[in-house]
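Derivation of every value follows stated rules applied to the coordinates shown; laboratory data play no part. Everything quoted here is computed from the prediction, not taken from an experiment. With ideal geometry, Cβ positions are generated from the backbone for all residues, glycine too; neighbour counts draw on all protein chains shown.
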Amino acid sequence: MPTRKKPVDAVIIGFGWTGAILAKTLTDAGLSVVALERGPARDTAPDFEYPRIIDELKHGIRGELWQPLAKETVTVRHAPNEVASPYRQYGSFVLGNGVGGAGVHWNGQLWRASPEELRIRSHIEQRYGKKFIPDDMTIQDYPVTFEELEPHFDHFEKVCGVAGTAGNLRGTIRPGGNPFEGARSSDFPQSPLPAVYSAQLFAKAASDFGYKPFPVPAANSTTAYTNPYGVRMGPCNMCGFCERFGCFLYSKAAPQTTILPILVNRPNLEVRSNSYVTRILLDKTGKRATGVLYVDQDGREVEQPAELVVLSAFQLHNVRLLLLSGVGKPYDPVTGKGVVGKNYAYQMVGATTAFFSQDVEINPFIAAGAAGMTVIDEFNADHFDHSAHGFIGGSMIYAGGTGGRPIAQMLIPPDAPRWGSGWKEAVKKHYRHSASFVTQGSVMSYRDRYLDLDPTYKDSHGLPLLRMTFDWHSNEFKMNAYSIARLEEIVKTMKAERFVNEMFRPGTPYDTRIYQSTHTTGGAIIGSNPSNSVINRYSQSWDVSNLFIYGASAFPQNIGYNPTGLLAGLAYFSAAKLRESYLKSPGRLVDA
Amino acid sequence: MTTVPRFNRRDFLKVAAPAAIALTHPGIPAGSAEDAPPRYVPTFFNAIEWKFINAAVDRLIPVDAHGPGGVEAGVPIFIDRQMDMPYGHGAYFYMQGPFHIDAHPTLGYQLQYTPRELYKLGIAAADSACKRTKSRTFADLPHLDQEQFLAAMERGAVVLEGPPAATFFGQLLSNVREGYFADPLYGGNRGMGGWKMIGFPGARADFTNWMNQQGRAYPYGPVSINGSKS
């Protein structure tokens with residue numbers, strides 16, 4: 001029998017970005033809150049201290065901050081009729097672990113969604129006609145608008161001290177910013193750092209085409225900054241160790257550098273690390289959560305009763321825990337019925353790498369995850385007329401690397417030797433004189449791309465792993481080819497000695513071995529009614545009204561941007577409703 | 001490719017390396033003068049395997065004018081030490097069966113072997129393949145034959161009695177590059193030679209004064225985590 005803990009008002013599963021956002025909201029309201037985090041407690045000091053954090057092997061390759069796959073991973077297959085194999089070693093995406101979650105080792109590229117992407121099906125049908133959307137493409141509108149989310153995007157940008165240049169301030173298009181963004185109510189809280197050299201070369205070349213390059217919105221603080229919660233951040237020094245690392249300078253926004261400092265001493269919050277939730281407990285009706293079951297750091301099974309359950313783990317884990325707990329009807333790809341696991345999506349990333357002559361000093365190690373980068377948005381979302389192109393979605397195209405880590409970020413031409421003196425010559429010649437320009441593209445959702453429980457493989461507690469059924473569709477191959485073609489035109493003018501495109505040949509299977517993006521989405525999607533979604537517009541479970549689910553699991557399809565801004569906006573939108581309405585009178589917030 | 005004078009690895013070590021080795025590994029007894037590298041006694045690899053590792057590393061990152069050779073940079077030592085880390089024991093990997101060894105390659109590594117097992121089996125199988133076709137172990141083959149054999153493994157053109165040759169080669173090459181470019185903390189990249197060759201400043205991690213100097217070559221050499229400068 002599990003140990004039964006004293007009941008609390010709310011239990012939070014997963015203590016990353018959205019867990020921290022909800023912990024603040026709920027403790028502000030006076031609730032007693034327990035946050036359960038599967039991984040260890042982590043903080044800037046001592047866990048991310050210089051110089052030990054500047055260790056590519058430990059963090060960038062072995063992934064000490066990531067979820068240990070030995071205990072739990074996912075299985076992957078390309079199609080519903082195949083047998084899935086476990087994702088045994090890290091490749092395609094990396095999963096967060098520990099307090100702060102993936103918010104510790106992200107890059108800090110903080111984007112809002114484009115307004116039309118939040119009503120994608122209606123928008124595409126209206127602009128291009130119903131037939132433009134393939135039959136098996138299961139994209140759907142968000143049940144919430146850009147205008148409703150805007151104050152929450154704005155707030156989160158201030159929490160993170162985002163540096164950027166506004167492109168659309170209250171409807172006025174401004175030079176130097178993104179002319180395609182939705183109207184923002186206020187400017188970014190901080191000014192961007194100067195673009196790194198490769199980003200400057202790109203900005204100049206892109207401008208010559210008439211495009212409007214602008215700085216990537218960067219949750220890498222550029223000054224000594226105090227956020228709305230009174231938490232102070234320090235200026236980024238472009239150390240080149242954002243991605244896959246914790247920030248030793250309190251510059252990169254993470255739960256640790258923005259929200260957790262004001263929560264640590266709250267008597268009504270208890271954070272239990274190394275606590276692995278195995279089940280959301282339901283009452284006999286199956287309509288109400290009574291708490292959660294977890295395995296504590298000593299391997300004991302513990303029951304934590306709670307009036308309110310917040311599911312805020314990583315996207316994949318949210319979906320798995322719903323399936324393990326029997327919350328909601330699992331998605332069936334044959335009938336198209338059921339919702340849990342539906343609409344898994346990903347991103348399709350391409351690149352053009354330029355190899356410059358020896359007098360072009362790229363200094364790739366002078367970098368940040370987001371600061372110093374330049375991007376164009378002409379070919380993303382529905383910022384251009386798709387009617388002649390026959391695909392939906394697009395890519396943002398950006399310049400300026402996330403670092404010059406020599407094991408993983410070495411750029412040499414594909415025809416250079418992979419070892420021997422020829423390899424040495426190539427790495428020596430190109431390391432400081434090459435740059436990759438990247439297209440990060442959306443992936444739509446499809447009837448046969450989904451998540452369910454694997455029938456064979458188990459985690460270290462004997463529970464089924466999550467199974468991912470995913471491969472590319474032709475829409476995305478077309479999108480990728482179009483994005484790369486536009487990028488190539490720009491790079492061509494940069495006078496590199498040579499350049500090489502990394503793109504997807506149509507029919508290329510999804511390759512789990514190569515890092516592409518950790519922006520996995522869907523499976524517990526947001527929607528207008530219980531037959532098309534797991535959660536309503538306030539992130540409340542349709543089936544279990546005292547369960548709220550946060551994260552990129554809510555995205556009905558993916559976007560070309562990084563997901564953190566959008567998922568945080570959805571969380572703050574929900575938090576406001578909890579504060580204003582639900583906590584006073586718990587119950588279903590949207591009629592089914 | 002530049003033509004460079006060919007150093008004999010052992011001669012080079014005699015000239016350049018002993019001081020650095022002695023500093024890095026005080027108290028480790030000297031090995032035989034004939035077996036390179038001296039003064040490091042592997043804890044994971046046995047003598048035959050150690051010969052293979054040293055010979056393979058010497059071909060994968062040879063001594064030449066571009067930069068230090070892999071052996072001289074301590075790459076074999078790096079690999080030996082990694083095998084005693086949790087990594088070598090497969091602690092980072094999901095290792096539960098069943099193992100679909102015929103799964104589509106894009107689904108990633110699907111063998112049941114930890115890195116330690118992969119090395120043990122891979123080296124034995126590679127040596128036995130060399131003996132079968134060339135009557136000598138890999139380490140005793142001429143450089144050219146060694147290179148041809150490695151290239152064949154890389155292409156999967158040689159069938160090993162053990163793990164697939166391309167998988168074993170991939171493991172080896174990954175670890176070799178890691179050992180060449182990881183912080184010297186782990187036994188490789190001795191004297192930050194790998195970093196110096198390419199111009200990576202290591203753990204400096206502060207470019208505040210360089211944000212506005214785009215296009216200028218960054219002038220400083222590397223520092224390591226333990227504070228060594230170069």
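Centroid-to-centroid, using Cα positions, region A:84-105 and region A:271-295 are 23 Å apart. Distance between the C-alpha centres of region A:229-249 and region A:467-541: 28 Å, rounded to the whole angstrom. Rounded, prolate or oblate: which fits region B:126-230 when a ≥ b ≥ c are the square roots of the eigenvalues of the alpha-carbon gyration tensor, with rounded for a/c under 1.5 and prolate only if a/b beats b/c? Prolate. For region A:463-525, the list of trypsin sites (Lys or Arg not before Pro) that fall in a loop by DSSP and count at most 13 other C-beta atoms within 10 angstrom reads A:495.
Using Cα pairs closer than 8 Å and at least 6 residues apart in sequence, work out the relative contact order for region A:262-394, in percent.
Numbers: 117 pairs, mean separation 15.1, N = 133.
11 percent.
Ordering of A:425-434, A:396-405, A:501-510, A:37-46 by packing is A:396-405, A:425-434, A:37-46, A:501-510, highest average first (other Cβ atoms within 10 Å, averaged per residue).
Across peptide A:424-432, the average count of Cβ atoms from other chains found within 10 Å of a residue's Cβ is 6.
Based on the alpha-carbon gyration tensor of region A:345-393 and its eigenvalue square roots a ≥ b ≥ c, which shape applies: rounded if a/c is under 1.5, prolate if not and a/b is larger than b/c, or oblate?
Working: a/c = 2.69, a/b = 2.10, b/c = 1.28.
The shape class here is prolate.
Return the loop-located trypsin sites (Lys or Arg not before Pro) in region A:274-323 (DSSP other than H, G, I, E, B) with at most 12 other Cβ atoms within 10 Å of their own Cβ; answer none if there are none. Could the numbers behind the result be given before it?
Values: sites: A:279, A:284, A:287, A:288, A:300, A:320; in loops: A:284, A:287, A:288, A:300.
Loop-located and lightly packed - A:284, A:300.
So if I place +1 on the C-beta of Lys and Arg and -1 on the C-beta of Asp and Glu, and nothing else carries charge, what would the dipole magnitude of the protein assembly as shown be about its Cα centre? I want it in debye, nearest 20.
Values: 81 positive and 76 negative charges, 104 e Å.
Approximately 500 debye in magnitude.
For the ranges B:68-77, A:198-207, A:130-139, what's the packing order if you count other beta-carbon atoms within 10 Å of each residue, average per peptide, and put the highest first?
Working: B:68-77: 28.1, A:198-207: 22.1, A:130-139: 15.5.
Peptide ranking by packing, descending: B:68-77, A:198-207, A:130-139.
Across peptide A:364-370, the average count of Cβ atoms from other chains found within 10 Å of a residue's Cβ is 4. For region A:522-592, applying the loop criterion from DSSP together with a ceiling of 13 other beta carbons within 10 Å to the chymotrypsin sites (Phe, Trp or Tyr not before Pro) yields no site. Mean residue ellipticity at 222 nm, helices only, chain A: -6000 deg cm²/dmol; runs of at least 4 DSSP H residues each add -39,500 (n - 2.57), and the sum is divided by the number of residues. Close amide-amide hydrogen proximity is noted between residue A:281 and A:290, A:291, A:292, A:293, each under 5 Å apart and 5 or more residues distant or on a separate chain (H modeled in the peptide plane; Pro and chain starts excluded). Among complete DSSP H helices in chain A, those whose alpha-carbon atoms stretch at least 18 Å along the helix's long axis and whose mean Kyte-Doolittle hydropathy reaches -0.5 are A:474-492, A:564-577.
Taking 24 Å as the straight-line reach from the Cα of residue A:24, the lysines in range (excluding those fewer than 8 positions away in the same chain) are A:5, A:6, A:158, A:252, A:577, A:584.
Rounded, prolate or oblate for the protein assembly as shown? Axes are the square roots of the Cα gyration tensor eigenvalues, ordered a ≥ b ≥ c, and the cut-off for rounded is a/c under 1.5. Prolate is the answer for the protein assembly as shown, as a/c is 1.5 or above and a/b outweighs b/c.
Can you give the average number of partner chain beta-carbon atoms within 10 Å of each beta-carbon in peptide A:56-69, as a whole number?
Details: counts 7, 12, 6, 0, 1, 7, 8, 1, 2, 0, 1, 0, 5, 5.
Whole-number average of other-chain Cβ neighbours for A:56-69 is 4.
Here's the list of aspartates and glutamates a cross-link from residue A:429 could span, going by alpha-carbon distance under 18 Å and ignoring same-chain residues fewer than 8 apart: A:359, A:361, A:415, A:497, B:64.
Can you give me the relative contact order of chain A as a percent, contacts being Cα pairs under 8 Å and 6 or more apart? Mind dumping the intermediate values first?
Details: 1530 pairs, mean separation 129.5, N = 592.
Computed over chain A, the figure is 22 percent.
Across region A:391-444, C-alpha contacts under 8 Å between residues 6 or more apart give a mean separation that, scaled by the residue count, equals a relative contact order of 58 percent.
The listed peptides A:4-10, B:105-111, B:197-203, ordered by packing as a protection proxy, come out as B:197-203, B:105-111, A:4-10 (highest mean of other Cβ atoms within 10 Å first).
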